Amino acid sequence: IALATLGAKSVEMTAEKAEAWLPAFFNPQHAEKVWGNALRKGLKKRDPELPALEVFAGGAVGIGEGLEAHRDLARPATALYVGGMGAKDKNFYNQIFRQYGYEEEAETIQELYLSGRKSEAEAQVPQRYLDETSLIGPEGYVRDQIQAYREAGVTCLSASFMGTTTAERVRQCDELRNLLEKV
């Protein structure tokens, strides 16, 4: 059983009962602050007969020099979820974004998105957030990010590979596999 949960109580229940957790918009730099207590509470109650909780998180992968601008490809989806999912006061993604420390940005993105100004909302997604969550950039950067995800408790790196051809995506997959063996 794998659950995609975000709220404290649902994450606690996931840690107690599920085999895997699939958090959306996982930010390894802020995961402990946002979900640490809920995970610990759930794991305390976990049946010892269950396997260890697997945590699946990650994102787009692009390993190489000069690819940093591709981090911007996450702007539309981030703006959609932070700004446009649910009612203004019932958007779980917006709440998570605020807990990451982006209170003002979350408010602005939501206001712009809900008023139909989607491109402006996308432009307000902080570059720092994209940098904190990305697996796109030079090998050393991606290696550091993999380590950050690992230290945040991620056990299975979920990856979508950049490239316009199957061969390019397979090459990125091979490069990621090589990096994972080094970390």
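Before moving on, here are some points about what is shown:
- Mean-position separation - Cα centroids, the range 115-180 and the range 41-111, in angstrom: 13
- Each of K45 and Y141 was given a label point 7 Å from its Cα along the Cα-to-Cβ line. The distance between the two points is 4.2 nm.
- Cross-linked pairs K88/K118; K9/K45; K33/K118; K9/K44; K44/K182; K33/K88: Cα-Cα separations exceed 25 Å for K33/K118; K44/K182.
- A24-E104 pseudo-label distance in nm [points 7 Å out on the Cα-to-Cβ vector]: 2.7
- Alpha-carbon Rg/Rh ratio, for the chain, with Rh computed the Kirkwood way: 0.99
- Extension gain, S119 to E32, is 28.2 nm, computed as 0.36 nm per intervening residue step minus the present C-alpha separation.
- Magnitude of the charge dipole for the chain, about its Cα centre and with charges confined to Cβ atoms of Lys, Arg (+1) and Asp, Glu (-1), is about 540 debye.
- Dipole of the chain, positive direction: furthest Cα of P48, S134, V61, with charges on the beta-carbon: P48
- Look at the alpha carbon pairs under 8 Å that are at least 6 residues apart: their mean separation over the length of the range 1-141 gives a relative contact order of 27 percent.
- For the range 72-130, fraction of C-alpha pairs farther apart than 14 Å, in %: 42
- Label-point separation, R128 to S160 (7 Å along Cα→Cβ), nm: 2.6
- The range 129-183 shape via C-alpha gyration tensor axes, a/c threshold 1.5: prolate
- Sorted by Cβ neighbour density within 10 Å, fewest at the top, the residues F97, F56: F56, F97
- Three principal axis extents describe the C-alpha atoms of the range 35-77; from largest down they are 46, 19, 15 Å.
- The chain: calculated mean residue ellipticity at 222 nm from DSSP helix runs of at least 4, using -39500 (n - 2.57): -16000 deg cm²/dmol
- Selection from I146, L73, G7, by position along the positive dipole direction of the chain (Cβ): G7
Just so you know, all these numbers are worked out from the coordinates, no wet-lab data involved. Computed from a predicted structure; not experimentally measured. Here the Cβ is made from the backbone with ideal geometry for all residues, glycine too, and neighbour counts use every protein chain on show.
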